[in-house]
Amino acid sequence: IAFMIGAGISTSAGIPDFRSENGIYQTIKEKFKVNSPEDFFSKPLFKSKPEIFYNLCKLMNFDSFKPTLTHYFMKYLLDKNYAQIVFTQNIDGLETKAGINKDNIVFAHGTSNEAHCPQCNCDVDVNEVKHCINNDEVKYCPNCKGPCKLKVVLYGENLPDNFYTNMFMLNECDLVFIIGTSLRVEPFASLTEQIDKHKSWVVVINKELVGNFDYKNNLSHSLFIQGLCDEIVKSILIDCGWWDEFSLKYQI
Ligand code: OAD
């Protein structure tokens, strides 16, 4: 089993997703009066006006949030050795807070738990960058004087190497869960092309219809389950007879 996940799995923790009605992009549009909020996460804008990105990071402080039932569902299946890998677009760090080992996660869009200078590529102390974020300052690189940032991937930046080295694992899976993502952002969305549609089951769990799988064809191996992911994974756990063990283990 593999997981491909997005911001929708963290909304029940209190973190807004990007593209829903009350999502982060709506907030950015209103706060900064812009039409294309994606530009706020772009490399050129960061280079010329790093303070805007710092401002956004201040809005998106994830330190106090807790993992959701869906995060623990992934952890549970990994612990049972049924699941092997999680491809996440999220930068909230809730996968590791749920106890999932970093070796089992591909942070496709980076992480807010580390920081670097994108100009000379050196690592910098994440606490120093977070301190600047909280104090409306920009942290500059001690080596090249470029602006530093949390190690999240901006539009126009490369994804981490392990995204490309691990994507072939999807080809080997019996089942891929795709949960809480609009599948609108490349190259993440195209990970689905790695899945062997004749061999693997694809189960998409989302509030609204996403993905271009052949859901209506009874012979296809794709299933779309519409609704809130925590409720749906809970019924999967109940149907598999795992709920009692699961709820005891994670005190849910
Ligand atoms: P989106 O906001 O695009 O999509 C989240 C999806 O989850 C939507 O289809 C929601 O309907 C659905 N959803 C929300 N809450 C849910 C719930 N409780 N249960 C089930 N479904 C729910 O977020 P992503 O697909 O993660 O990248 O966005 C991908 C990328 O776009 C982000 O990583 C970010 C952004 O630009 C960068 O900044 C590089």
If you roll a 1.4 angstrom probe over the protein chains with everything in place, what fraction of the accessible area of the chain belongs to carbon and sulfur, to the nearest %? 48
Label point distance in nm, Cys120-Asn135, each placed 7 Å from Cα along Cα→Cβ: 2.2
How many angstrom lie between the Cα centre of the range 82-103 and the Cα centre of the range 31-56? 27
Taking the DSSP beta bridges in the chain as the whole, what percent of them are antiparallel, to the nearest 5? 20
Accessible solvent surface per residue of the range 1-128, calculated while the other protein chains remain in place, 1.4 angstrom probe, Å²: 46
Computed label-point distance, nm, for sites His198 and Phe32 using a 7 Å Cα→Cβ extension: 4.7
Enter the mean projected area of the convex hull around the alpha-carbon atoms of the chain, in nm², rounded to one decimal. 14.0
To the nearest 0.05, what FRET efficiency results for Ser190 and Asn127 with a Förster distance of 41 Å applied to their C-beta separation? 0.70
Loop-resident trypsin sites (Lys or Arg not before Pro) in the range 1-104 with no more than 12 other Cβ atoms inside 10 Å, DSSP not H/G/I/E/B, are Lys33, Lys80
Which length gain, in nm to one decimal place, applies between Ile252 and Lys80 when the Cα-Cα distance is subtracted from 0.36 nm times their residue separation? 60.1 nm
Value of [θ]222 nm, deg cm²/dmol, for the chain, DSSP H segments ≥ 4, -39500 (n - 2.57) each, nearest 500: -8000 deg cm²/dmol
If you rank His221, His71, His198, His131 by how much accessible surface each has, with a 1.4 Å probe, what is the order from largest down? His198, His131, His221, His71
Any chance you could give the angle, 0 to 90 degrees and rounded to 10, that helix 50-59 forms with the longest Cα principal axis of the chain? 50
Can you work out the FRET efficiency for the pair Glu21 and Asn218, with r the C-beta to C-beta distance and R0 = 35 Å, to the nearest 0.05? 0.55
Can you tell me which of 133-139, 144-150, 155-161 comes out highest on packing, and rank the rest after it, using the mean Cβ neighbours within 10 Å? 144-150, 133-139, 155-161
A student applying the Cα gyration tensor rule (rounded when a/c is under 1.5; otherwise prolate if a/b is larger than b/c, oblate if not) would label the range 169-232 oblate
How much length, in nm to one decimal, is gained on full extension between Lys49 and Phe168, taken as 0.36 nm per residue of separation minus their Cα-Cα distance? 39.1 nm
Sorted by chain and number, the residues with a modelled amide H under 5 Å from that of Val124, at a separation of 5 or more or across chains, are Ala115, His116, Cys117
Just to confirm my numbers, what's the Cα centroid distance between the range 179-207 and the range 227-248 in Å? 22
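The values are calculated or read from the model by the stated rules, or taken from the named source; none is laboratory data. All figures in this text were calculated on a predicted structure; none of them were measured in a lab. Note that each Cβ is placed from the backbone with ideal geometry, even for glycine, and that neighbours are counted across all protein chains shown. SASA here: full protein model, heavy atoms, side chains in, ligands and nucleic acids out. Shrake-Rupley method; radii C 1.70, N 1.55, O 1.52, S 1.80 Å.
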